[in-house]
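Have a look at the structure below before the remarks.
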Amino acid sequence: MIRAVKGTRDLLPPDTVIWNRVEAVAREVFASYNYQEIRTPILEETQLFARGVGQETDIVSKEMYTFEDRDGSSLTLRPENTASVIRAYIEHRLDQRPGVQKLYYIGPMFRRERPQKGRYRQFFQIGAEAIGSDSPFIDAECIELVVEILTRAGLSGFRLIINSVGCPNCRPQYVEKLREATRPIASQLCADCQRRSETNPLRVLDCKVPEDQPVIDALPSILDNLCDVCAPHFAAVQTYLRDRNIDFEIRPRLVRGLDYYMRTTFEVTHGELGAQNSVLGGGRYDGLAESLGSPVHSPGIGFSIGEDRLVMTVDQTNVRTLDIFLAPLGDAALRHAGTLARDLRRSGVSVEVFPGGKLKRAMELANKLGARYTLILGDDEIAAGIYSLKEMLSGEQHRVSLEELFHKLSNQNLSNSN
C-alpha cells in the first residue's frame, strides 16, 4: 500500500467542513478590512528565500525543500509566503497603485520539520500583508484583524504577545551587546544557541530548550535599547490596541524566526497546543522590499496563521454538514424526491436522497450522515402535499407543506451563515 508522505496528510470530511468554515470567516474579515486575495506560485527561486528570510535562519539552513531544475536553476517549495508576496509586489509594480496595498493569501507551505502536534511538512497558512505605510496605526489595525479572524472562527482563550525588535539604527548595537553578553555563558546553552550566539544572537532569545531559559532570561532586553523612533512607534501601537480594548502581553524576548522583521512583532498562543503553542506570528518588515530589489521604499507589516493549528483549537461542536435527508417510501416517492431535491439544492440547501429501502435504515443513515432534518415522503404525503419533517437533534417531528419546508430551510441556512 502506498501511503501519504511522512509529514503530509489527507484532509477528509467532516474535518474539511471546519477548514472551509475557518477560511470563509477569514475571507469575510479580510473583505471588511479591504484586503484583496493574491495567489503566488508554490515554486520560487531559492535565492528569494535566502535573501528574504535569511541565510542563517533555521528555515533556510535546515528546513527548505530545494532542488535543481533541469536547466540547472535552484528552485524551492515556498516555506513561507511573505517573501513571495513582496516579490510579486515588486515584479508587478504594485507600489504604483493608490494607497496601502492590502493583500491576503490562503494556501500550502512546505518545510522539512520534525512532525509534531499541529506541525506538518506540508502545512497551510492564512496570511496577509499591508505594504506601503510605516504608521503604527497600520500595525494596530493588522493585529486587530488577526484577533477578529480568530474570534469569529470560534477560538477562545488565546493570548496576544507583542514586542519591538528595533530597526537598523538601534538593533545592531543591541545585537552586539547581546553577542558580548552571550559569549561568557555560551557553553551553558544548547548547541544551536552556541552557534547562533555568534551568527544571529537574536535567535538565542527565541530558543525553546527548557534548560536554556534561566540563562536567556538574564540577557539584556531589547526594550531598553530602542532608538528615538522605535520607542515612540511601539508606544503608539500599544495605545491604539488599548483604544480597541485588545488585551496583550509585552514579551521582550519575542523576536520571531525570520531575519526581515523590525519594530513591531507579535504572536498568538493557545494552551491546548502544548509546548509549541503558537497559532500565528507576524510583524513589521520595512526593509524587506528594498533587500529584494524594490526601487522605492515599501514598508510593510503582515502575519501568517497556522491553519492546521487553528483548526485543531476552534470550537467544533455541532458540526452538521447535511441540511436535509429525503426518505422516500416506494418508487413513486423516489421520483418525487428527485425533483424535490433538485429544487431544494437550487435554493442553496444541501440534500441527500435515500435511494430505497426500509424507513428504519433510512433514519439510521440520516443520523450517521449528520443531517439536520429528515423528510419522509410516502404516497399519502405526496397526495396531500403535507410531509413529515423530523429534527434529528431534538427528535421532534412536524407536519409541513412544501412552502413551509422551503421557508424553514432558508431561515436555517441564514442563521448558520451568521
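From the Cα gyration tensor of the range 203-293, with a ≥ b ≥ c the square roots of its eigenvalues, which class applies: rounded if a/c is under 1.5, or else prolate if a/b is larger than b/c, or else oblate?
Note, shape of the range 203-293 comes out rounded.
What distance in nm separates the two pseudo spin-label positions at residue 410 and residue 74, each 7 Å out from Cα along the beta-carbon direction?
Computed distance between label sites residue 410 and residue 74 equals 6.1 nm.
Using a 1.4 Å probe on the protein chains only, how many percent of the accessible area of the range 62-115 belongs to carbon and sulfur?
45 percent
Measure nothing but the geometry: give the 0 to 90° angle between the long axis through the Cα atoms of 136-153 and the longest principal axis through the Cα atoms of the chain, rounded to 10°.
Roughly 30 degrees, rounded to the nearest 10.
Using 23 Å as the Cα-Cα cut-off, could you pick out the over-long pairs in 368/390; 102/208; 358/390?
102/208
Carbon and sulfur atoms: what percent of the 1.4 Å accessible area of the range 167-262 do they account for?
51 percent
Jot down the per residue volume, in cubic angstrom and as a whole number, of the convex hull over the alpha-carbon atoms of the chain.
200 Å³
Nearest 10 degrees, 0 to 90: what angle lies between the long axis of helix 15-32 and the longest principal axis of the chain (Cα atoms)?
Relative to the chain, helix 15-32 is tipped by roughly 60 degrees.
Could you give the Stokes-Einstein D for the range 143-196 in µm² per second, using the C-alpha Kirkwood radius, 20 °C, 1.002 mPa s?
Translational D for this selection: 146 µm²/s.
Tell me the carbon and sulfur percent of the accessible area for the range 320-367, rounded to whole percent, probe radius 1.4 Å.
50 percent
Mind checking which of 8, 277, 240 is farthest towards the positive end of the chain's charge dipole, using Cβ charges of +1 (Lys, Arg) and -1 (Asp, Glu) about the Cα centre?
8
Taking amide H positions as placed in the peptide plane 1.01 Å from N, state which residues far from residue 377 in sequence (5 or more) or on other chains have amide H under 5 Å from it.
Sorted by chain and number, the residues that satisfy this are 327, 329.
Please give the per residue accessible area of the range 186-275, computed with a probe of 1.4 Å over protein heavy atoms only, in Å².
Value for the range 186-275: 47 Å² per residue.
Positive end of the charge dipole of the range 116-275 (Lys, Arg +1 and Asp, Glu -1 on Cβ, about the Cα centre): tell me which of 162, 136, 204 has its Cα farthest that way.
204
Which of the lysines could a cross-linker span from residue 6 if the Cα-Cα distance has to be under 20 Å and same-chain partners fewer than 8 positions apart are dropped?
Those lysines meeting the cut-off are 62, 117.
Helix 171-182 against the longest principal axis of the chain: what's the angle in degrees, Cα atoms only, rounded to the nearest 10?
Long axis of 171-182 versus the principal axis of the chain: about 80 degrees.
The values are calculated or read from the model by the stated rules, or taken from the named source; none is laboratory data. In this text the structure is predicted, and so the values were computed from the model without any measurement. Here the Cβ is made from the backbone with ideal geometry for all residues, glycine too, and neighbour counts use every protein chain on show. The protein model used for the area step is the full one, side chains on, heavy atoms only, and it has no ligands, DNA or RNA in it. Shrake-Rupley method; radii C 1.70, N 1.55, O 1.52, S 1.80 Å.
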